[in-house]
Each structure stands twice: as C-alpha cells, then as structure tokens.
Amino acid sequence: MSIQLGMPQSRDSVGPGLPPARPAGTPSGLLDQYGRRATDMRLSLTDKCNLRCTYCMPAEGLEWLAKQAVMTADEIVRIVRVGVELLGVRELRLTGGEPLVRADLVDIIAALRSNHPELPISMTTNGVGLDKKAAALKAAGLTRINVSLDSLHEETFAKLTRRPFLDRVLAGVDAAWAAGLGPVKLNAVLMRGINDAESPALLAWALERGYELRFIEQMPLDADHGWTRRNMITAAEIRSLLSVDYVLSPDPRARDGAPAERFEVRRRVAGAAGPLGSDAEQLGAEGPVLGTVGIIASVTEPFCADCRRTRITAEGKIMSCLFSREEFDLLGLLREGASDEALAERWQDAMWVKPKAHGMDHTGLGAADFVQPDRSMSAIGG
Ligand code: SAM
Ligand code: SF4
C-alpha cells in the first residue's frame with residue numbers, strides 16, 4: 001500500500017502554478033520582497049528512497065512520481081545553467097529522495113561540472129550504496145558530501161530508518177572520505193527516547209574520524225504527521241546533552257547564511273560544570289579544540305531572515321522555502337519550449353513571494369497557527 005499526499009496550493013488568481021509578476025524594475029537575481037537574495041540552490045533528483053526514516057516517510061512508502069514527471073538529466077543541467085548563468089546561483093546541493101537511486105547520477109554530475117568548473121556541488125545522501133559510487137562521484141566532479149547518520153547502533157538505526165542498513169551506510173561514509181569527498185558532514189536527527197541519549201557518542205565518533213556532525217532539529221515534514229513541538233528535541237536540549245562530555249564555544253568563523261550554527265568542541269573536565277555559555281562553563285574545558293559540531297535549529301532558533309536558499313523539486317517545481325505551501329512550475333514551462341530568459345523570469349517571480357518566515361516558532365508548544373506542508377521532506381528535497 002502507498003500513501004498519496006495532497007499537492008500544495010497554486011495561485012488561481014494568476015493561473016495554476018503561476019506566481020504573480022514581481023514589480024517592474026526589480027533588480028535581477030533571486031531576490032525576494034524582504035531583501036534576501038538566494039544563491040544556494042537545492043535540487044532534488046528524485047522523490048524515491050530506499051529507506052523509510054520515521055521522521056520523513058511512512059512505512060508503506062509514498063506513491064512515487066511517474067517517470068515522465070521527473071526532470072531528465074538534460075533538463076536538470078539546463079535549469080542549473082539558468083540558475084548559475086542568469087540568476088547568481090553560487091552553490092548547488094543535490095538531494096532527494098535518495099540521489100544515489102538515480103542510475104544517471106554520475107553522468108548528471110559530470111555534465112554539471114563540465115558546464116560549471118568552479119561551482120561547489122555537494123550532495124546529501126543516506127549513504128546506502130555510496131561505498132560503490134564514491135570514487136566515480138568524485139571523478140565526475142562532486143565537491144563534497146553530507147551523509148545522514150542518526151545512530152551507530154544497528155537496532156536503533158533500523159528502528160529509525162526501518163531498514164537494517166547501518167553497515168552499508170558506515171562503509172559509504174568511509175568510502176566518501178577515502179575518495180576525497182571531504183570535508184564529510186554527517187546529519188543526525190534526534191528523536192526523543194530513541195537516539196537522543198546517543199548524541200555525545202555520535203559526536204565522539206565523528207570527532208575521532210574528522211567528520212563534521214550536524215544535529216538537525218526534527219521539523220514537521222514527516223508524511224505521517226507525527227511531529228509535535230512538545231516531543232521534538234530542541235537545539236537547547238542538544239547543547240545540554242552534549243555538555244555532559246564537552247564544552248561548546250561559538251565557532252569564530254562567520255556563519256555566512258549557513259543553516260548550521262557551528263561550535264568548537266573541547267573535552268569537559270570530569271565533574272566541572274557551570275551554566276551553559278557562562279565563564280564557569282568555559283573554565284570546565286580542557287585540552288585542544290577537537291573539531292566542530294553544527295546545530296540546525298530550524299524550529300526553535302530559525303534563521304529565515306538570512307535564508308539564501310532556493311529549491312527545485314524532482315518534478316521541476318520552484319519552492320522558495322521548505323515550508324512553503326505554494327510552489328511554481330518551471331519544468332512545464334521548459335517543456336513548452338521557453339527560452340532561458342523566460343525560465344529565469346518565472347524563477348525570479350516565484351522567489352519574490354518567498355514567505356518572510358515559516359511561523360513554526362511563533363506558537364509555543366501547540367504550533368496552533370502553523371500548517372504543516374502537504375509534501376514530506378523526501379518529496380521536497382531536504
Ligand atoms: N535521502 C537523503 C538523506 O537522507 O540524506 C537526502 C534527502 S533527506 C530528505 C535530507 C535530509 O533531511 C536528511 O539529512 C534527513 O535526515 C533530513 N530530514 C528528513 N526529514 C526531516 C525532518 N522531518 N526534520 C528534520 N530533518 C529531516
Ligand atoms: Fe529517505 Fe532521506 Fe527521507 Fe530517510 S530522510 S526516508 S533517507 S529521503
């Protein structure tokens with residue numbers, strides 16, 4: 001059995017899937033009415049996935065998009081070229097669904113690299129099958145990789161992803177490192193009572209190997225609609241969980257629009273304590289900086305005001321925000337034979353109406369006025 005999700009709303013006043021035209025004289029680029037400029041493009045290669053993470057997909061899976069609805073390799077390459085050459089896109093992240101399930105992944109990356117020799121191209125993956133593909137991805141021109149890894153315990157991993165593939169993911173992480181796809185970043189979502197207590201051990205493991213771990217607050221983007229504000233693990237809790245073993249101090253490097261707030265990590269002297277962020281707490285640190293850890297606090301400490309992202313779903317829809325309830329068709333226009341300039345125009349109009357903020361943080365524990373988007377994270381491209 002599969003579950004079908006409702007589609008986001010389109011603007012009927014201007015035609016389904018069409019954004020209103022932005023005011024004349026608006027400077028070019030992916031600007032919005034609040035003065036933000038998107039330069040970081042997230043492109044979903046597929047909605048399909050071989051895991052069923054509880055915070056993302058239902059156990060039964062979702063109804064996959066029809067093959068002809070998904071962007072072809074040539075269409076992806078063209079859309080990226082419009083973004084880079086006409087609209088000021090400066091970095092590209094490939095995501096999904098699971099990008100590794102696309103048979104033409106290496107060819108897509110090679111084509112993107114040939115068009116854009118200097119563009120940073122990274123990819124977010126669950127790591128299943130990465131051991132076999134890492135070297136080819138590097139050779140094709142992939143710059144860097146993010147691998148999702150929520151637990152180092154087989155049972156916990158299987159509970160979270162509903163698949164027994166921990167060994168394959170660990171082999172993928174090692175292979176990515178060996179292939180030169182570093183710095184390797186690891187993404188972990190903490191779920192209360194399942195893997196939250198494992199967070200210091202996950203950090204220790206990452207630090208020993210030189211991987212940069214980032215904890216992501218669980219967002220209400222699960223197809224099961226099981227997220228609750230009360231039950232999610234907040235950034236404050238994550239800092240507190242880590243502070244039993246480590247002292248975190250803000251990374252002096254500029255955040256520069258990055259979703260993750262980075263901290264330098266030092267070991268805590270056994271028994272030394274003090275309120276988080278206080279001088280006494282810092283005095284509890286010993287030894288050198290072991291590495292960094294990132295916390296992506298999209299729910300409780302949102303960074304909407306400095307957001308630089310624009311998203312293209314696997315079926316070529318523009319989403320200006322993960323939580324947007326509107327999306328605008330780019331692929332349909334491309335398939336009608338539109339020029340590069342017309343595609344750029346549509347993309348700019350769609351970004352102009354990017355919401356000011358997602359609103360999840362406004363409502364305290366109940367999140368009463370926040371409406372969860374219809375698409376799950378896997379169907380948007382996280
Ligand atoms: N399948 C790949 C993977 O898992 O890395 C790429 C797509 S996945 C949607 C991208 C990232 O989104 C992963 O790191 C995953 O942990 C994260 N993610 C998925 N659902 C989430 C949710 N509800 N809240 C926070 N992060 C989520
Ligand atoms: Fe698949 Fe990634 Fe979603 Fe997990 S988080 S179900 S790996 S798309």
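The values are calculated or read from the model by the stated rules, or taken from the named source; none is laboratory data. This one's a predicted model, so the numbers in the text were calculated from it and none came from an experiment. Reconstructed Cβ throughout: ideal geometry from the backbone, glycine too, with neighbour counts over all protein chains shown.
Tabulated data
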read-out: Search result, residues across the range 218-240 that are touching a Phe, Trp or Tyr at 6+ places or on another chain (Cβ under 7 Å) and either away from ligand 2 (no atom under 15 Å from the Cβ) or assigned to a helix (DSSP H, G or I) (or both); value: Ile238
read-out: Subset of the range 90-105 that is touching a helix residue (DSSP H, G or I) at 6+ places or on another chain (Cβ under 8 Å) and in a helix (DSSP H, G or I) - its residue that is farthest from Met377 (Cα to Cα); value: Leu105
read-out: Complete set of residues in the range 96-148 that are away from ligand 1 (no atom under 16 Å from the Cβ), touching a Gly at 6+ places or on another chain (Cβ under 8 Å) and closer than 21 Å to Glu315 by Cβ; value: Leu112
read-out: Options Gly83, Gly88: the member that is of a type outside the set (S, T, N, Q) and on the phi > 0 side of the Ramachandran plot; value: Gly88
read-out: All positions within the range 241-255 that are of a type outside the set (A, V, I, L, M, F, W, C), part of a strand (DSSP E or B) and touching a residue at least 24 places away in the same chain (Cβ under 8 Å); value: Tyr246, Ser249
read-out: Per-region count, the range 320-334, residues in a helix (DSSP H, G or I) and in contact with an Asp or Glu (Cβ under 8 Å, 6 or more places away or on another chain); value: 2
read-out: Asp251 away from ligand 1 (no atom under 16 Å from the Cβ), modelled with pLDDT of 90 or more and more than 22 Å from Leu149 (Cα to Cα); value: yes
read-out: Single match in Val80, Val106, Val128 (criterion: at pLDDT 95 or above and under 23 Å from Arg346 (Cα atoms)); value: Val80
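Here is a yes/no grid of residues against (1) farther than 25 Å from Pro220 by Cα; (2) at pLDDT 95 or above; (3) away from ligand 2 (no atom under 16 Å from the Cβ):
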{"position": "Pro27", "(1), (2), (3)": "yes, no, yes"}
{"position": "Leu31", "(1), (2), (3)": "yes, yes, yes"}
{"position": "Arg42", "(1), (2), (3)": "no, yes, no"}
{"position": "Asn50", "(1), (2), (3)": "no, yes, no"}
{"position": "Gln68", "(1), (2), (3)": "yes, yes, yes"}
{"position": "Asp74", "(1), (2), (3)": "yes, yes, yes"}
